[in-house]
Amino acid sequence: MMYCARLVVAIFTLGGCGQAWAQSVTTTSEDGYQIHHVTSEFQAGKTSIRVLLPDQFHEQKQYRTLFILPVVANADRRFGDGLEQVRQHGFHNEFDLICVAPEFSSPTWLADHDQDPARRDESYFLSVVVPLIEARYPVSRECEGRLVLGFSKSGWGAFSLLLRHPNRFYRAAGWDTGIRMDMGPITEQELSERIK
C-alpha cells in the first residue's frame, strides 16, 4: 500500500503509568485511512493506528470514537479487518463516528504482561492510543464518547476494558468472546462434564 506524508513527526509526552512516551508520524493511505505510525515504550516495535473519518467530517464538530480492537498482532488481518467492514457498511457515516483500529506488536488480551515491559498493551491503549486520538481529532473526551468492540480475543479485551475502566468507556461489543451469558450459572459437575 502506498502512503503519502501528511504531517510532520509529533512527539507526545503523556502521563499515566510511569513516563509514557510515543513518537508518531501520520500518513494517509490510498483508501483514505489516516495512519499514525507509533513508536512507544509499551510495545516491542513500531505499530500503526488507522483512523477512519466520516465522509462529511467537520473539524468544528465533536464526534464519538469507536475503537476497533485487533485479533492478532501488527497488520495481520487473516481473520478479517474490522475497520474495513465498518467502511464498507458505512457505519462511520450512519452513526457519525471516528473509528480507530490500533495495532499491537504481539497478539493482545488488552492487559499488561507482568514480566515483559514491551507487552504492556493496556498501558499502551490507555496512555498512548486514546490520548493520541483525543489530541489529534475533535472527539469527546467523556466516557459517553468512547465505544470499544472486538472479535474473539479482542472481544474479550473490549469487555475487560469496560469492566476495569467503567468511567473511561461507555459501551463494549464483542463477538465470539468465549463469554456465554445466556446459559446461566452452572454447577461444578456440569462444568467438568462440558470440559470432558
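The values are calculated or read from the model by the stated rules, or taken from the named source; none is laboratory data. Treat the numbers as computed from the prediction; the structure is a model and nothing was measured. As a convention, Cβ positions derive from the backbone with ideal geometry for all residues, glycine included, and neighbour counts pool all protein chains shown.
Residues that are touching a residue at least 40 places away in the same chain (Cβ under 8 Å) and assigned to a helix (DSSP H, G or I): does the stretch 167-177 have at least one?
The answer is no, given that none of the residues of the stretch 167-177 is touching a residue at least 40 places away in the same chain (Cβ under 8 Å) and assigned to a helix (DSSP H, G or I).
I'm checking my understanding of the structure. Among residues of the stretch 94-124 that are in a helix (DSSP H, G or I) and hydroxyl-bearing (Ser, Thr, Tyr), which one is nearest to GLY32 (Cα to Cα)?
Looking at the filtered set, the residue picked out is TYR124.
List the number of the failed condition for ASN74; all other conditions in (1) part of a loop (DSSP other than H, G, I, E, B); (2) modelled with pLDDT under 95; (3) at negative phi hold.
(3)
Cβ-Cβ distance below 8 Å, separation of 6 or more or different chains: which pairs start in the stretch 120-145 with a residue that is among the hydrophobic types (A, V, I, L, M, F, W, C) and end on one that is assigned to a helix (DSSP H, G or I) and modelled with pLDDT of 95 or more?
VAL139/ILE133; VAL139/GLY145
Mind listing whichever residues of the stretch 126-152 are surrounded by fewer than 21 Cβ atoms within 10 Å (Cβ to Cβ) and part of a helix (DSSP H, G or I)?
PRO131, ILE133, GLU134, ALA135, ARG136, CYS143, GLU144, GLY145
Can you name every residue in the stretch 96-133 that is touching a His at 6+ places or on another chain (Cβ under 7 Å) and closer than 30 Å to GLN60 by Cα?
Passing the criteria: CYS99, LEU132.
Every residue, every condition in (1) surrounded by 20 or more Cβ atoms within 10 Å (Cβ to Cβ); (2) within 14 Å of SER48 (Cβ to Cβ), yes or no:
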| site | (1), (2) |
| --- | --- |
| ARG77 | no, yes |
| VAL86 | yes, no |
| ASP96 | no, no |
| HIS113 | no, no |
| ARG120 | yes, no |
